[in-house]
Structures are given as structure tokens and as C-alpha cells.
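Asker: One structure, as C-alpha cells, below. Some questions next.
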Amino acid sequence: MGKLLKKEDLNRFLSNLKGIYEIIAPVKKDIVRYDVIKNINEIYLDEKPFFSAKKFFFPKKETLFDFPQRRHFKKRMKPRIIFGMRNCDANSLLVLDKLYLEGFVDEKYKQKREKTIIITIPCDEPEENCFCGSLNLKDYYDLKFIDIGPSYYIEVGSEKGKRLVHRFKDHKMIGEKQDLDFIKILNKRNDLKKYFNDSLWEKEAEKCLSCSMCVNICPTCTCFDIVDEVDLSLKEGKRSRISDSCHLKSFTEISGGKIFRESRYERLRHFVLHKLQYFKDKHNINLCIGCGRCITICPSKIDLVEISNNLGKNKNPKKQNDK
Ligand code: SF4
Ligand code: SF4
């Protein structure tokens with residue numbers, strides 16, 4: 001069952017919430033990105049944001065604790081709403097939940113998740129590089145606002161959403177949904193690992209600059225390095241985590257100088273297989289939400305959908321253990 005909110009009431013609705021919650025939503029400046037809203041009129045819902053909302057859950061650098069006191073840097077957080085999130089970006093949180101809330105619980109991530117209400121807006125149509133329709137994403141939201149012309153039809157997806165909806169319970173109910181068409185199709189294979197030695201990896205990697213822009217923009221890439229910054233007394237300092245990238249040679253370097261993925265093709269191969277195979281094998285969910293951002297941003301036009309669709313087509317597959 002859903003609620004109805006007239007579009008002319010949207011600003012009033014969000015303005016009311018702004019006193020209690022920090023509102024994050026897409027804004028259009030140089031490009032469209034999620035940002036903390038100062039003025040409700042800034043909200044821009046006509047395009048999928050170029051950058052995802054990852055920075056609100058995983059900033060590029062985050063201090064964990066100081067030493068020797070071992071005080072953990074857990075900030076007091078105002079509750080917040082991310083309004084106008086796309087379903088792909090909402091699904092990226094389900095992927096991160098697997099990593100940071102199941103088994104080992106990352107307290108920093110947990111706090112941010114608990115304090116955030118997700119309000120999604122369905123896409124009218126896919127953008128050029130979107131392939132979310134190929135990945136069995138969930139329809140995930142606390143509230144979903146569906147544009148039905150003069151109003152938003154609001155669906156409730158969680159207890160958090162239900163509590164929020166009580167703030168405007170006078171509105172009438174209605175029901176209608178839209179279906180989406182998808183243009184970029186990922187041909188799902190049962191096991192991409194069997195193409196581990198395909199020569200396509202090397203061919204594609206010739207174009208790769210190891211610039212890591214794909215990793216930086218990817219909503220589900222959260223690998224990090226741990227860095228200690230010690231002050232001049234050498235007695236005090238702080239430990240932080242800083243975003244890292246599997247496209248960098250240094251990523252798999254261990255003490256003694258051994259590097260596990262020396263060549264660019266090994267690193268590109270790992271990126272693609274981790275996104276579309278390894279993670280799914282372990283967690284039953286892809287480490288990819290089909291947002292297409294890595295394809296859009298890559299200066300060399302490397303496209304993981306094309307790669308995975310073309311694996312196995314080359315007549316001269318690489319030999320086993322060939323580098
Ligand atoms: S795949 Fe593209 S964006 Fe990613 S590291 Fe290589 S060149 Fe950069
Ligand atoms: S791998 Fe590419 S398409 Fe998949 S979630 Fe990351 S940026 Fe989006």
C-alpha cells in the first residue's frame with residue numbers, strides 16, 4: 001500500500017524534514033552529484049548522478065583511532081535522508097552490507113547505515129551505459145517515490161520508511177508502477193572463471209592506463225589501505241583508512257617486495273572477475289550494480305560488459321599459467 005504526495009507539496013515535505021534530518025540529494029553544479037542540500041530548490045532529479053553516494057558511507061580518507069590513547073573517532077551523526085537515490089545506488093548498499101555488516105561488523109559503516117533513510121526515485125529510462133536490468137537487482141528502498149505525473153506515489157519498504165511516512169499520513173492512496181527497458185545487456189554466463197586464460201584480457205589491458213578512475217567512481221569499490229600518521233614526537237598519531245585500487249601495482253605488494261598481480265592484464269582481469277564472478281560465488285550477489293559509471297568514465301573506453309560478453313570468442317586463448 002502506498003501514499004500519494006502532490007508534487008507541489010514535495011518542497012514543503014522536504015523542508016519540514018530538513019529541521020530533523022540532513023538531506024542529501026542529487027544537485028546539478030558542474031555535473032550532477034549527490035550533495036548535502038542547503039536549499040530544497042537545488043534538488044535535481046532529471047539525470048542519474050555522475051558520482052554515486054559512496055562518499056557518504058566511505059569517504060576517501062577516514063580516521064579510525066588515535067594512539068597511544070586508542071580513542072575511536074566515532075562522530076555524533078545527525079540522522080539523514082538520501083532523497084532521489086537511483087535503485088542501482090541503493091543496491092550498492094546491499095553489497096556493502098555483505099562486506100561490512102555480516103561477520104565482522106564495521107562500526108563506522110554501521111552507524112552511517114543506521115542513521116540514513118533511503119528514498120529512491122525510479123529511472124524513467126536507462127542511460128547509454130546502464131545494464132542494471134541484467135543483474136537481478138532488488139527493488140530496495142525505505143521509501144520509493146514514483147513519478148505519476150502531478151504526484152508521487154510513495155511505496156514503503158521498511159520500518160524506517162513507515163515511521164517517516166506517518167509524518168504525512170493524511171494523503172490518499174493510489175497504485176501504479178512503471179516498467180523499464182534496458183539497452184545494454186550483459187550476457188550472463190555461469191562461470192566467467194573458465195575464461196581466466198583468455199587472450200582478451202591482455203588485448204584489453206593494452207588500452208588500460210591503470211588510472212583507477214573506474215575504481216574511484218564505482219559505488220561498490222571500497223578497498224582501502226591502512227596508514228599511520230605519527231607526529232614529530234614519534235609518540236602520538238592516528239590510524240586512518242584511505243581508498244585504494246586493485247588497478248594499482250602497489251595494491252598487492254606485500255613485505256619483501258612480492259607483487260601478486262604484476263601486469264596490467266592481471267589487474268584488469270581481477271577487477272572484472274571480482275565484480276561479476278568471485279564475489280557472487282562467495283556472497284550470492286554481484287559486486288556490480290550495473291550503473292555503467294566505470295564505462296562512462298574510462299578514458300580508454302574499456303567496458304566490462306563488452307569484455308565479459310566477448311570472452312571465449314577469441315580463437316587463440318592464452319595457455320594456462322602464461323603471463
Ligand atoms: S579500466 Fe579504464 S578507468 Fe579503469 S584503470 Fe584502466 S584505463 Fe583507468
Ligand atoms: S563495476 Fe562499473 S558498472 Fe559495476 S557497479 Fe562498479 S562502476 Fe557500476
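Asker: Restricting the search to region 287-308, which residues are near ligand 1 (Cβ under 10 Å from one of its atoms) and either without any contact (Cβ under 8 Å) to a residue 12 or more places away in the chain or among the hydrophobic types (A, V, I, L, M, F, W, C) (or both)?
Answerer: Residues satisfying the conditions are C294, I295, I297, C298, I302, L304, I307.
Asker: Starting from residues that are in contact with a Phe, Trp or Tyr (Cβ under 9 Å, 6 or more places away or on another chain) and either part of a loop (DSSP other than H, G, I, E, B) or under 19 Å from G292 (Cβ atoms) (or both), keep the ones in region 220-233 and report whichever is farthest from ligand 1 (Cβ to nearest atom). Give the derivation first.
Answerer: Initial filter on region 220-233 (in contact with a Phe, Trp or Tyr (Cβ under 9 Å, 6 or more places away or on another chain)): 220-225, 228, 230.
Next, only the ones that are either part of a loop (DSSP other than H, G, I, E, B) or under 19 Å from G292 (Cβ atoms) (or both) stay: 220-223.
Numbers: T220: 14, C221: 10, T222: 16, C223: 14 Å.
The extreme case among them is T222.
Asker: In this structure, does E236 turn out to be within 11 Å of ligand 1 (Cβ to nearest atom) and exposed (fewer than 15 other Cβ atoms within 10 Å of the Cβ)? Reasoning before the result, please.
Answerer: Details: within 11 Å of ligand 1 (Cβ to nearest atom): no; exposed (fewer than 15 other Cβ atoms within 10 Å of the Cβ): yes.
No, not satisfied.
Asker: Quick check, is K235 of a type in the set (K, R) and within 23 Å of D106 (Cβ to Cβ)?
Answerer: Working: of a type in the set (K, R): yes; within 23 Å of D106 (Cβ to Cβ): no.
The answer is no for K235.
Asker: Going through region 82-103 one residue at a time, which ones are assigned to a helix (DSSP H, G or I) and of a type outside the set (G, A, S)? Write out each step before concluding.
Answerer: Going residue by residue through region 82-103, those that are assigned to a helix (DSSP H, G or I) are 87-100.
Scanning region 82-103 gives N87, C88, D89, N91, L93, L94, V95, L96, D97, K98, L99, Y100.
Asker: When you look at I259, is it modelled with pLDDT of 95 or more, of a type in the set (A, V, I, L, M, F, W, C) and touching a strand residue (DSSP E or B) at 6+ places or on another chain (Cβ under 9 Å), yes or no? I'd like the intermediate steps shown before the answer.
Answerer: On the way: modelled with pLDDT of 95 or more: yes; of a type in the set (A, V, I, L, M, F, W, C): yes; touching a strand residue (DSSP E or B) at 6+ places or on another chain (Cβ under 9 Å): yes.
Answer is yes for this residue.
Asker: Please return the ranges of strands (runs of 3 or more DSSP E) entirely within region 1-80 where 1 or more residues are within 24 Å of the chain's Cα centre (by Cα).
Answerer: On the way: elements: 2-6, 22-28, 32-36, 61-67.
In region 1-80, 22-28, 32-36, 61-67 are the strands (runs of 3 or more DSSP E) which contain 1 or more residues that are within 24 Å of the chain's Cα centre (by Cα).
Asker: Here's a follow-up. Filter region 178-219 down to residues that are in a loop (DSSP other than H, G, I, E, B) and of a type in the set (S, T, Y) and give me whichever is nearest to I285 (Cα to Cα). Before you say what the answer is, go through the steps one by one.
Answerer: First, pick out the residues of region 178-219 that are in a loop (DSSP other than H, G, I, E, B): 178-191, 196-199, 206-212, 218-219.
So of that shortlist, the ones also of a type in the set (S, T, Y) come out as 199, 210, 212.
Numbers: S199: 27, S210: 26, S212: 23 Å.
Going through the qualifying residues, I end up with S212.
Asker: I want to confirm something. Restricting to region 252-276 and keeping residues that are among the aromatic types (F, W, Y) and surrounded by 19 or more Cβ atoms within 10 Å (Cβ to Cβ), which single residue is nearest to ligand 1 (Cβ to nearest atom)?
Answerer: Restricting to residues being among the aromatic types (F, W, Y) and surrounded by 19 or more Cβ atoms within 10 Å (Cβ to Cβ), the top hit is F271.
Asker: Contact list please: Cβ distance under 6 Å, first residue in region 205-220 and on the phi > 0 side of the Ramachandran plot, second residue within 16 Å of ligand 2 (Cβ to nearest atom) and modelled with pLDDT of 95 or more, pairs at least six apart or on different chains.
Answerer: Note: pairs meeting the criteria are S210/H247; S212/S245; S212/H247.
Asker: Right, another one. Take region 123-145 and flag every residue that is under 26 Å from K7 (Cα atoms) and modelled with pLDDT under 95.
Answerer: C123, D124, E125, P126, E127
Asker: Now for a different question. Specify the residue that is farthest from ligand 2 (Cβ to nearest atom); the eligible residues are those in region 238-266 that are outside any strand (DSSP E or B) and hydrophobic (A, V, I, L, M, F, W, C).
Answerer: Keep residues of region 238-266 that are outside any strand (DSSP E or B), which gives 244-252, 254-258, 260-266.
Subset that is hydrophobic (A, V, I, L, M, F, W, C): 246, 248, 251, 254, 260.
On the way: C246: 11, L248: 16, F251: 16, I254: 26, F260: 21 Å.
Only one residue fits best here, namely I254.
Asker: Okay, moving on. For region 56-86, how many residues are closer than 19 Å to T220 by Cα and loosely packed, with under 14 Cβ neighbours inside 10 Å?
Answerer: Initial filter on region 56-86 (closer than 19 Å to T220 by Cα): 56-62, 82, 84-86.
Applying the additional criterion that residues be loosely packed, with under 14 Cβ neighbours inside 10 Å yields 60-61.
Count: 2.
Asker: Right, next: Can you pull out every residue in region 271-303 that is within 6 Å of ligand 2 (Cβ to nearest atom) and either closer than 16 Å to L99 by Cβ or out of contact with any Asp or Glu (no Cβ under 9 Å at 6 or more places or on another chain) (or both)? Working first, answer last.
Answerer: Going through region 271-303, the residues within 6 Å of ligand 2 (Cβ to nearest atom) turn out to be 275, 288-294.
Passing the criteria: K275, C288, I289, G290, R293.
Asker: Could you grab me the full set of residues in region 202-237 that are of a type in the set (D, E), modelled with pLDDT of 95 or more and more than 16 Å from ligand 2 (Cβ to nearest atom)?
Answerer: Of the residues in region 202-237, the ones of a type in the set (D, E) are 202, 204, 206, 225, 228-229, 231, 236.
Subset that is modelled with pLDDT of 95 or more: 202, 204, 206, 225.
Within region 202-237, E202, E206, D225 meet the criteria.
Asker: Here is a further query. Please find, among F51, F104, the residue that is hydrophobic (A, V, I, L, M, F, W, C) and out of contact with any strand residue (DSSP E or B) (no Cβ under 9 Å at 6 or more places or on another chain).
Answerer: Every option except F104 fails the conditions.
The values are calculated or read from the model by the stated rules, or taken from the named source; none is laboratory data. Because the structure is a prediction, the values reported are computed rather than measured. Methodologically, a virtual Cβ is constructed for each residue, glycine included, from the backbone with ideal geometry; neighbour enumeration extends over all protein chains shown.
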